[in-house]
1. If packing is taken as the mean number of other Cβ atoms within 10 Å per residue, what is the order of 206-217, 256-267, highest first?
2. Can you work out the FRET efficiency for the pair GLU183 and ALA62, with r the C-beta to C-beta distance and R0 = 25 Å, to the nearest 0.05?
3. Taking the Cα atoms only, what angle lies between the long axis of helix 10-23 and the longest principal axis of the chain, rounded to 10 degrees?
4. Length gain on complete extension for the stretch SER322 to GLN40, per 0.36 nm per residue less the alpha carbon to alpha carbon distance?
5. Under Stokes-Einstein, with the Kirkwood radius over Cα pairs standing in for Rh, what whole-number D in µm²/s applies to segment 142-278 at 4 °C and 1.567 mPa s?
6. Treating the angle as unsigned and between 0 and 90°, give the value, to the nearest 10°, between the Cα long axis of helix 51-61 and the longest Cα principal axis of the chain.
7. Would you kindly derive the ³J(HN,Hα) couplings of segment 67-83 from the backbone phi angles with the Karplus curve 6.51 cos²θ - 1.76 cosθ + 1.60 (θ = phi - 60°), listing them in order in whole Hz, with x for Gly and Pro?
8. Ranked by Cβ crowding within 10 angstrom, fewest neighbours first, how are ASP294, ASP287, ASP252 ordered?
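Each value in this text was obtained by applying a stated rule to the coordinates, not by laboratory testing. Small disclaimer: the values here were computed from a predicted structure and weren't measured. Cβ: placed from backbone, ideal geometry, glycine included. Neighbour counts: every protein chain shown.
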Amino acid sequence: MSTPALQTTPAAVVSQTAASIEALRPVYELVAPDFRAVNQLIPKQLTSDVNLVSEIGSHIVASGGKRLRPLMVLLTSGALGYNGEQHVKLAAIIEFLHTATLLHDDVVDHSGLRRGKVTANEKWGNAPSVLVGDFLYSRAFQMMVDVGQLDIMAILADATNTIAEGEVLQLANIGNIATTEAEYREIIRCKTALLFEAACHTGAVLARDKSHPSAELMRKFGLHFGITYQLVDDWLDYVGDSETLGKNVGDDLTEGKLTLPLIYAIQNAPRQQRQTIEAAIARRSIDELPEVLDIVRTSGALDYVYQAVRNEADQTLCCLESLPKNAYVDALKALTEYSTSRLF
């Protein structure tokens, strides 16, 4: 299979990304009143007597992003006919959990750029960033109590615990050139896909009993969507640019993270090229980035990841086939198509 992305230029990626985001406008419009309510609730819940908490929390929450995870809470609950008001609070909870993981991630990764802006740890330091991340976690759990459903609390508690395990698993594999695709997939399942899964699962549980078949389908949808989304992000790290990614190109390499494009290249490139990659990972240096990018692009790695994305996206869409036919389900399909459209 020939991957059109091998010829993708940074300018083309920017243009295509802007077009795909514009394509999501009808999705956001479908839940516009609820989405506005989420955006109004978030700053209200960020208040603290400690000014630095509010300052750092506001910095990262207001730093951009599409807020896909809270959006998916609204869509999944709507798709299954939920008519209450707790989905707004649940969407804000999901965003707080996500924001907390970003604060901790940036400290662990020594990141200086997030969504195209200076990270909190770069601006205020590591210790305040970690502590405000903890504040966001605890505030999210306070809000869970207000939602008052034990099934939802259990789902989110389990997800939060597994995400933390994923962080440790990724840290343990930093610089490990023997990392397998199976190990990589477990890391992205824990770190990225679990919160998408929890967003969709809890949104469904609001509308239906946890044991209802549609709730399980929504859980699986979120899981496969999250894996698809992370695969695309890791693909973009080798074809995009800083403006498109919202982070520095090659960050994964300099942080010693082995994502699927690099894992495939190590396993399939000629010995001398493998040694080049291994040396770059060992030095955590940006100096070899152009050469490593060339190896990844010529090894067939991008073709391989492209096909992995298509396979995962197919599983994502299959989860929606037996759900009620309505505009919310159509919007979830559009979100999946948006995710994969970032490849082109």
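1. 256-267, 206-217
2. 0.10
3. 20
4. Details: separation 282, 0.36 × 282 = 101.52 nm, distance 3.42 nm.
Separation in residues times 0.36 nm, less the Cα-Cα distance, equals 98.1 nm.
5. 78
6. 70
7. Coupling constants for segment 67-83: 6, 5, 5, x, 4, 5, 4, 5, 6, 5, 5, x, 4, 9, x, 5, 10 Hz.
8. Ranking ASP294, ASP287, ASP252 by Cβ neighbours within 10 Å, fewest first, gives ASP287, ASP294, ASP252.
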